[in-house]
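Here's the structure we're looking at; comments come further down.
The values are calculated or read from the model by the stated rules, or taken from the named source; none is laboratory data. Source: prediction; values computed, not measured. As a convention, Cβ positions derive from the backbone with ideal geometry for all residues, glycine included, and neighbour counts pool all protein chains shown.
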Amino acid sequence: MARGLGLPYTGYATDGARARDVVESQIPAFKQTSARPGARYQVGCLYIGVNDVRAGDFALPAFERDFELALRFIADRCERMLTVFIPHDLGRPRAAAKVAEANGAIERLASGCGALVVDLRALRARNLVMADRVHPTAFGQIVIAERALEVLARDGLPTRVRPSSLIAWETTWWGRLRGDATYAYRYLKERWTE
């Protein structure tokens, strides 16, 4: 997304992070390591919640508290704030009820602090999401970035370059067949281990 806007990027995301981790680890890391912790940013983005709803100990009140703290911390430092709805068809077994609860909280809290929301609720195509139905593929990451850029463009921040124009992708029939076979194998493996 940052490349699409032509802006510098500062990231604190970590694998497996939950909303609590943003508040307890990522925000303190920003405060401790930033050369200019008081600097303003043009865009702040918070994409959190997937690992929360996948966890067995998900509790909506704790998620809401931590999500709001993180959202407000970022929003206080940014001209525009962007957050993301969690895809409905998330993981196996599906976490549908928890996803709906979390998305309701995201919508309410985003509205409360003026954050823009990228709608990923219907993100699910196999070339966009890996067989685990949790992690986006490289193409999925591009789609997410372009959807975010569309939301920002509607809010007056123009896109300088579409992320899809930055990639060179081609394949052969053999490459497609191999990719399809790998996806089918991983999908079946996920189903058998449920």
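What to note about this one:
- Summed over segment 148-181, residues that are at pLDDT 80 or above, exposed (fewer than 12 other Cβ atoms within 10 Å of the Cβ), polar (S, T, N, Q) and under 28 Å from MET1 (Cβ atoms) total 1.
- The set of residues in segment 79-99 being in a helix (DSSP H, G or I) and either of a type in the set (A, V, I, L, M) or without any contact (Cβ under 8 Å) to a residue 40 or more places away in the chain (or both) consists of ALA96, ALA97, VAL99.
- Residues of segment 12-56 classified as assigned to a loop (DSSP other than H, G, I, E, B) and within 16 Å of ASP76 (Cβ to Cβ), total: 7
- Residue within segment 59-78 that is surrounded by fewer than 16 Cβ atoms within 10 Å (Cβ to Cβ), among the small types (Gly, Ala, Ser) and either outside any helix (DSSP H, G or I) or at pLDDT 95 or above (or both) present: yes
- Cβ separations smaller than 7 Å between residues 6+ apart or across chains give the following pairs from segment 48-76 residues that are closer than 20 Å to ALA95 by Cβ to residues that are of a type in the set (Asp, Glu) and surrounded by 15 or more Cβ atoms within 10 Å (Cβ to Cβ): PHE58/ASP52; LEU60/GLU101; PHE63/ASP52.
- Unmet criterion (only one of (1) modelled with pLDDT of 95 or more; (2) surrounded by 12 or more Cβ atoms within 10 Å (Cβ to Cβ); (3) part of a helix (DSSP H, G or I)) for GLY140: (1)
- The set of residues in segment 100-125 that are surrounded by 15 or more Cβ atoms within 10 Å (Cβ to Cβ) and in a loop (DSSP other than H, G, I, E, B) comprises ALA115, LEU120, ARG121, LEU123.
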